[in-house]
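One structure is given below, encoded as structure tokens.
Every number here is computed from the coordinates shown, using simple stated rules; none is lab data. Worth saying up front: this structure is predicted, and the values here are computed from it rather than measured. Methodologically, a virtual Cβ is constructed for each residue, glycine included, from the backbone with ideal geometry; neighbour enumeration extends over all protein chains shown.
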Amino acid sequence: MNGLLTISNFLLIIALIIIIALWRKYIPSYLVEKGKNVVTKEDIKVITEGVEAVKAEYSRSVEEFKNALATELELSKISHAELQIHKTEQFVKLIPEKSVKMVFSLPPERRIYL
């Protein structure tokens, strides 16, 4: 029985030596890789935040530009309408009063409207 105990102790010591050897070889490299992964995740987070900030700034700039163009278009439409009104007023001033009476004396189907 004493010999069996010695063999089991010997096997236990060998198993512990193997476990310690594996521990010393693989655990440090595992921890180094784990540390690299944590740093990589943090780097990705920083990069992603930077990209999102640039996207937000770009979107804001595009919206401001679109609003400026829309305002400019509306002002251009108003200016064009005012020009058309002015042209019409000038044209009406050129028509002699007699011609206007003649046009309105025509039957409706022969009248020309501008």
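Per residue, the convex hull spanned by the Cα atoms of the range 1-56 amounts to 57 cubic angstrom. A DSSP coil position with no more than 15 other Cβ atoms inside 10 Å describes none of the chymotrypsin sites (Phe, Trp or Tyr not before Pro) in the range 12-59. Evaluate the Debye formula for the range 12-101 with equal point scatterers sitting on the alpha carbons, no solvent, and hand back log10 of I(q)/I(0) at q = 0.14, 0.19 Å⁻¹, in q order, two decimals. These q points yield log10 I(q)/I(0) values of -0.82, -0.97. Tally Lys/Arg at +1 and Asp/Glu at -1 over every other residue whose Cβ is under 12 Å from the Cβ of Ile18; what's the total? Computed value for this residue: +2.
Here each label is just a point 7 Å from Cα along the line to Cβ, and for Glu52 and Thr40 those points are 2.2 nm apart.
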